[in-house]
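Student: Below is the structure I would like to discuss, written out as structure tokens.
Please treat every number below as a calculation from the coordinates, not as lab data. Being a predicted model, the structure only gives us computed values, none of them experimental. Cβ: placed from backbone, ideal geometry, glycine included. Neighbour counts: every protein chain shown.
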Amino acid sequence: MTHLRKMMLEELQRRHYAHRTAKTYTRIVQDFAQHFHCSPNKLGPEQIRQYQAHLFQVRKLTPATVSQYASALRFFFVKTLHRRFLAEYIPFPKRPRPLPAVLSHEEVARLIESASNLFHRTLLMTLYSTGMRRAELCRLQVNDIDSRRMMIRIQEGKGRRDREVPLSPKLLETLRVYWRWMKPKTFLFPGTVKHRRADIPISSNTVWFACRQATKAAGITKRLSPHTLRHSYASHLLEAGADLRTIQVLLGHSRLEHTLVYLHLSPKHLQAIPNPLDSLQLSNLDQVKRSWRLEKK
């Protein structure tokens with residue numbers, strides 16, 4: 001391990017960054033150095049500019065991915081090397097912000113019913129009924145299910161924050177059947193080692209596969225990911241009358257502005273606002289000419 005890599009890892013660790021984030025950041029800085037065949041501490045604004053342009057023009061990365069590269073480079077130069085002036089030379093690219101896809105209640109039911117087995121069915125039900133992120137589901141433990149209080153504890157979510165969400169009676173019923181069949185020890189959804197069940201967290205790829213398989217079997221044409229169930233959960237809560245602050249807490253959002261997007265996804269809320277066109281007094285359509293030609297004066 002090089003001295004610079006060790007410095008960066010120590011800086012990441014003392015700021016308590018997630019292991020996955022630390023691994024990604026160090027990989028990006030290593031890629032940056034290899035691109036110029038030079039130690040990264042000897043590179044400056046011009047190389048950063050060329051590298052970010054290369055990510056877009058040659059590697060065809062998305063703005064979201066390039067933003068992650070920018071975060072890693074900013075951490076390295078600003079936090080590790082204390083070159084704060086370089087922050088202005090590492091811009092975050094503008095990103096399109098399309099509204100996330102949301103399933104209807106009927107589509108969620110079809111998705112769950114189309115799961116290939118009890119493992120996938122329970123996994124999909126847990127995602128939808130709690131709104132947890134994919135990584136949070138992978139780390140969910142048997143002891144996190146509190147059937148006495150009817151709560152589920154989500155430990156160390158995004159930003160290392162813990163939270164609790166209500167345990168659905170319908171999910172609890174399924175979890176009890178699932179537990180008697182699977183008998184998980186530590187992790188509720190155990191992974192595999194050499195194709196054999198082991199007491200380790202499930203991989204995120206398995207969660208993706210469960211969603212893709214059920215989506216195809218259900219005949220759903222929307223582009224769907226595990227996160228779609230989180231969006232659907234929040235949107236359906238809003239339509240059922242939950243306030244934005246409550247939804248923010250349940251989702252584990254650090255800021256309310258992240259939760260506001262669900263106002264745009266709720267037809268019930270959008271349609272409740274009267275359209276100004278409907279308040280106008282207009283003539284009957286029978287009196288409107290059908291010809292599109294302009295009359296000569």
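Student: Order the peptides 70-78, 99-107 from the highest to the lowest mean number of other Cβ atoms within 10 Å of their residues.
Tutor: Ranked by mean Cβ neighbours within 10 Å, highest first: 70-78, 99-107.
Student: Extension gain LYS23-LEU99, at 0.36 nm per residue separation less the Cα-Cα distance, in nm?
Tutor: 24.4 nm
Student: Specify the inter-centroid distance of region 232-289 and region 134-196, based on alpha-carbon positions, in whole Å.
Tutor: 32
Student: Add -39500 (n - 2.57) for each DSSP H run of 4 or more in the chain, then divide by its residues: what number comes out at 222 nm, to the nearest 500 deg cm²/dmol?
Tutor: -14500 deg cm²/dmol
Student: Here's another thing I want to ask about it. Taking the Cα atoms of region 180-263, what is the range of coordinates along each of the three principal axes, in descending order and whole Å?
Tutor: Extents along the principal axes, in whole Å: 45, 32, 23.
Student: Kindly state, to the nearest 0.05, the FRET efficiency for LYS79 paired with LEU277, given R0 = 45 Å and r defined as their beta-carbon distance.
Tutor: 0.25
Student: Find the Rg to Rh ratio for the chain, where Rh is the Kirkwood radius over alpha-carbon pairs and Rg uses the same atoms. Spell out each step's value before the answer.
Tutor: Values: Rg = 25.0 Å, Rh = 23.0 Å.
Using Cα coordinates only, the ratio equals 1.09.
Student: Could I ask something else about it? Taking the C-alpha atoms of region 3-89, how large are the radius of gyration and the largest Cα-Cα span, Dmax, in Å?
Tutor: Here Rg and the maximum Cα pair distance are 12.3, 35 Å.
Student: While we're looking at this one, here's another question. Bin width 5 Å, alpha-carbon pairs only: give the P(r) of region 105-271 as whole percents, running from 0 to the bin holding the largest distance.
Tutor: Answer for region 105-271: a P(r) of 1, 8, 17, 22, 21, 17, 9, 3, 1, 0, 0 percent.
Student: Order these peptides, 4-12, 45-53, by their mean beta-carbon neighbour count within 10 angstrom, highest first.
Tutor: 4-12, 45-53
Student: Here is a follow-up. 7 Å from Cα along Cα→Cβ at both PHE36 and ARG161: what's the point-to-point distance in nm?
Tutor: Each label point is offset 7 Å from its Cα along the Cβ direction, giving 3.7 nm.
Student: To continue, here is another question. Semi-axes of the equivalent ellipsoid for region 138-186, please: Cα gyration tensor eigenvalues, times 5, square-rooted, ordered largest first, whole Å.
Tutor: 20, 14, 8
Student: Could you bin all the Cα-Cα distances of region 1-153 into 5 Å bins starting at 0 and give me the percent of pairs in each, rounded to whole numbers?
Tutor: 1, 7, 14, 15, 12, 11, 10, 10, 9, 7, 3, 0
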